[in-house]
Structure formats: structure tokens, C-alpha cells
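Single-structure report; data block below.
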Amino acid sequence: MTHALMSNDVPLTALDRRIFDATVPADHYLRRVHQAIDFGRIRTILLSSYHPRLGRPPFDPLVLLKLEFLQYQYDLSDREVINHSQVNMAFRLFLDLSLDSPLPDPSLLTYFRKRLGPEVHQRVFQELITQARQQGLVKDRLRLKDATHVLANIAVPTTLVLVAQARGQLLDAALPYAPERVSQEQAEVIRLRTATADLPDAERLAHRVAHLRTLVAWAEELLPPGEPAVPELDPARQRLRRALDLAHKILHDRDNPKQGDKVVSTHDSTARNGWHHQWFTGYSLDIAMDADSEFITAIDVLAANADEAANATNLIQQEEQAQGNDIEAMSIDGIGFRGDLIDEWTDPQGLNLEVIVPPTEPAPSVGFAPEAFTLDAAQAKLTCPAGQTTETRERNANDTGWKYRFAARQCAGCPLRGQCMAKPETTTGGRTVIKNDYEATYRAAREKAKTPRYQEVRRQHPKVERKLGELARWHKARHARYWGKSKVLIQALLTGLVVNVKCFLRLVEGPAKPTEGTVRAGLTGV
């Protein structure tokens, strides 16, 4: 497929260029972006999502991608960006559209996002970083990693409504397979609603949950064992499977009320409750940023209750796999002070990073600290300061170390008992000591925090916090536009692309960088 085969291809005329020159200033932000970025390389990435011969000639995917860019640059909906592109000459110039070129129907942008998915959007995001690296703008010295919260685009229902919505989705999905039974069950829904209207909410919920269990057992029989070989060719079956999976998860949440990973919405089944200074429902926007250029080098979206610290591994690998580079160091907030993660990040056979992380100080020890007890080479025998040994041990509750127990008789007459026991007069048992698996790792991190190198890196860390503020304040990254983690990831990647383009221009153009107001002024002129 070549650009000449695009369905909207109308070459720019001399008149078009004169109009653009007369109406779009030479220093207009979109004109400068148009000149600075090699969009031809991005078109090549986009064309990989289209068959070169089958189907009608598509609308130029680069134009659609640029329309997405304009949406996130100027906070526009699908319909609004098309309307503005009809009359705004700066938009037309940026899109490389003649005054006679047609614009797509707004609905085409929805299909375009689905066709590309997060995978191709990720490749486009990384392509800009590649261009920046080729100009020497992005370095490998240090990555700053942090995250912020994203509010889901939902109204969180009560549990009563949540179960009822799951039941309704399941019946709708089962309709093509058993219309008569669905009709009967819908009548049962009305009967239950009427019969339980005056009951307390807890009893009403119990009736709805029982009915949903019955429906799930019946609907499972509608699907033969196994999934279809090509599920996308059977959308009805795919829809029923999704509805069943959601109903199963909601019932599992009811059976396990203390677990944290609970579905909170049938409309956005991947959103979760999480904590970021306060409770919220949605996702975490997780980024890594080059400390030197302030380019965002990797982006991910997690459920709000996901392990944000562990996701640092994914962010570093994401960039290194796309760019073929080798990051030297990473700065992360105190959430990353975990021995298992620090060992993973610093492993010479793995990421081989220098890790800068604020340490958590251990709770003050009563008696001798665990460090005063010595393990043998096999880590099977523990020796106390008085020379007593024990091999009695078990894993601790968090599975992060061994809990060793000394016998009461060993501690009874010990001359150091007063220094070792919290209450030597009343304690009848022996001393218990937990030796953490990562004791040496934590000790090294605490020593590193005393060095000038640590202080110098931590002074740079607020840069990534300001970058997250820019994403949230100027480009509405705080609020999800769509339902579902994969679509919210597309939103995050496009927002990151817009912010990185501003950074790209600032670096290649030198000190005369545009202010935020200048950047957003493209809607005010023609």
C-alpha cells in the first residue's frame, strides 16, 4: 500500500499553500511540529495495520493519527476535532489536507483506535523517542519513575445495582442462544423485584445473588467446552463468554469479601479501588522519564490496586526492548524500597540498574537487633550474642524471611537476658528472631542514602512529579475518557505523545520555547 492509494488523497495546490502561508504564522506551534517530526516514519508503522490489497482504499491513517494528536493537544472530542479541522487552517496545514480534501466521519476515529489498539499506539509513542535519540536528545544516564491516579469514567454503583447489571448483561448475551429461556428469566427478574421491594437491602441482595448463580450455571451449558479457534469470528459467543466471566468474578467477590481485587463496575470491569492520598476508583498512570531531556520514555496503565512498584521492571524493559539501549540508573519513591525488587533491578544478569530509593528505617528493636544474631554459611543455624545456637525456624507471615526460635532453657540463665528480652522478668519462652532475606540489600540501600550521589539524584526526582502534573492539569490525564484498561492505555500513550512533542520542540529549537498558552492557542485563529 502506498500513500497514492489513500481514499482522501487530494494533492495540495499552489493556492492551498498561499492560503496556509497567509493565515498560519511561521512560528505557529502546529507548523513547527509539522516541520520538526518525521511523520513519514510514523506512516510506515500505521500501514502495518492495513492489508496492502484487500478492501477499499483506506482513509490515510497518518491523517487519523494526527487527528488523535490534535484531540489530545487541544482537548477535543471526535466530533469536535473534525469540526475544527473543517475551518481551522493551522489544522489543515498540520494534516497536509487540501482545502478540497474530505474529512472522515467522526465515527472512523473510533474504528481507527480499535484497529491500532494499544500495541501500535505504543510503537508510535516509541518512534518519537527513537527520533529524539537519533538527535542526541535522550540519554541513558537516569530514569525517574513515578505514577499518579486516573479516575474511571463511571458512576460507581451499589452492590445491589452491580449484581443486577451483571445479570442484565448475561441475559442480553444469552438471548441469541435461548430466547425463550431468557424471556422467562426476565419475567423472573420482574417478579423478584416486586416480591423483595419492601425487604432490607441485605435480603434483596441475597435474592439477586442467588438468581445470578442460577443463571450462570445455566448459561455455562450454552457454550460447548473450549473457546472458538478464531473468537473474533463469533462475536455472539465472545460476548457471552465475557458476560459469564464478569458474573463469575462478581460472585467470587461476594464469596471472598476480604479480598481487595473486586469488580466495581460492569461498564468498566477492569477499574478497581485504590489508594493515592485518598481512596479512588480507576487506574494508575505509571511513567518513566529521562532525567536529562525530561522525555517520557515509557508509559503504562495499571488497575488502581496493582503493584505500582513492581511495574518499574516493565517500564524499563519496555523502553530497552523498543530502543535497544541500556539504562544505567533509576530513581523511584519509597514505594520501591522492597528487597525483592531492589535485587531484581540491580541484578547484573538482569536490568543491572543502579537504584536510588528513599529507605524506610526499621522499627526500633527491643533488645538485640536481628543484625546482632549470626547465620552460618548455609543459613540454617542462628547464633545469638551469647553463643547459643538454634536451627528451629519457619517462614514469617510475609514470606520475606526466616523466624528462628531459641528454647526457653537456652535463654533462662543467659547473662545477656536483660539486654535481649523486652520483659526479662515475666517472659517464660525463648527469644524469637526474624532474619530477613534482604537484610544485606536494605543495609546497602540505607548506606547509599548517606552519599552525595543519592542526594544529587533525589534532587532531580521532582521533575517527574511535575511531568505527571502537566499530564493531569493541561491534558486531562486525571480522568479516563473511555472504559477498559486497554483504551485508557491508548489515552495515556496519546497524552504522553503530545507532551513529548512539546519537549522535542523545546530541545531542538533551543531557549525560545513556547509557553503552555502559546501551545494551546491553535484553536483561536484560522
Original post:
Could you say whether any residue in region 134-154 is of a type in the set (D, E, K, R), modelled with pLDDT of 95 or more and open to solvent by 60 Å² or more (accessible area, probe 1.4 Å)?
Top reply: yes
Original post:
What helices (runs of 4 or more DSSP H), lying completely within region 394-495, carry at least 1 residues that are open to solvent by 50 Å² or more (accessible area, probe 1.4 Å) and of a type in the set (Phe, Trp, Tyr)?
Top reply: 462-475
Subject >> All positions within region 352-377 that are open to solvent by less than 40 Å² (accessible area, probe 1.4 Å) and either in a loop (DSSP other than H, G, I, E, B) or in contact with a Ser or Thr (Cβ under 7 Å, 6 or more places away or on another chain) (or both) >> reply: LEU353, VAL355, ILE356, VAL357, PRO358, PRO359, GLY367, ALA369, PHE373
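If I go through region 12-48 residue by residue, how many of them are part of a loop (DSSP other than H, G, I, E, B) and either within 30 Å of GLU119 (Cβ to Cβ) or aromatic (Phe, Trp, Tyr) (or both)? Let's see the steps before the verdict.
Applying the first criterion (part of a loop (DSSP other than H, G, I, E, B)) to region 12-48 yields 12-13, 24-28, 37-38, 48.
Narrowing further to those that are either within 30 Å of GLU119 (Cβ to Cβ) or aromatic (Phe, Trp, Tyr) (or both): 37-38, 48.
Residues meeting the conditions: 3.
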Original post:
If you scan region 160-174, which residues turn out to be surrounded by fewer than 16 Cβ atoms within 10 Å (Cβ to Cβ) and either touching a Cys at 6+ places or on another chain (Cβ under 6 Å) or not β-branched (Val, Ile, Thr) (or both)?
Top reply: LEU160, GLY168, ASP172
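Scan region 84-124 for residues that are surrounded by fewer than 14 Cβ atoms within 10 Å (Cβ to Cβ), more than 31 Å from the chain's Cα centre (by Cα) and in a helix (DSSP H, G or I) and report the count. Spell out the reasoning first.
First pass over region 84-124, keeping only residues surrounded by fewer than 14 Cβ atoms within 10 Å (Cβ to Cβ): 86-87, 99-100, 102, 105, 107, 110-111, 114, 119.
From the residues that got through so far, the ones that are more than 31 Å from the chain's Cα centre (by Cα) too are 86-87, 99-100, 102.
Imposing the further condition that a residue be in a helix (DSSP H, G or I) reduces the set to 86-87.
Count: 2.
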Subject >> Among the candidates ARG213, ARG181, ARG208, residue that is under 15 Å from ALA247 (Cβ atoms), open to solvent by 70 Å² or more (accessible area, probe 1.4 Å) and basic (Lys, Arg) >> reply: ARG213
**OP:** Could you please find all residues in region 246-283 being farther than 15 Å from THR159 by Cβ and in contact with a Lys or Arg (Cβ under 6 Å, 6 or more places away or on another chain)?
**Re:** THR270
**OP:** Inspect all residues belonging to region 116-132 and state whether any of them is aromatic (Phe, Trp, Tyr), within 18 Å of ARG481 (Cβ to Cβ) and touching a Gly at 6+ places or on another chain (Cβ under 9 Å).
**Re:** yes
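The values are calculated or read from the model by the stated rules, or taken from the named source; none is laboratory data. Everything numeric in this text was worked out from a predicted model, so none of it was measured. Here the Cβ is made from the backbone with ideal geometry for all residues, glycine too, and neighbour counts use every protein chain on show. Surface areas here come from the heavy atoms of the whole protein model, side chains and all, with no ligands, DNA or RNA. Shrake-Rupley method; radii C 1.70, N 1.55, O 1.52, S 1.80 Å.
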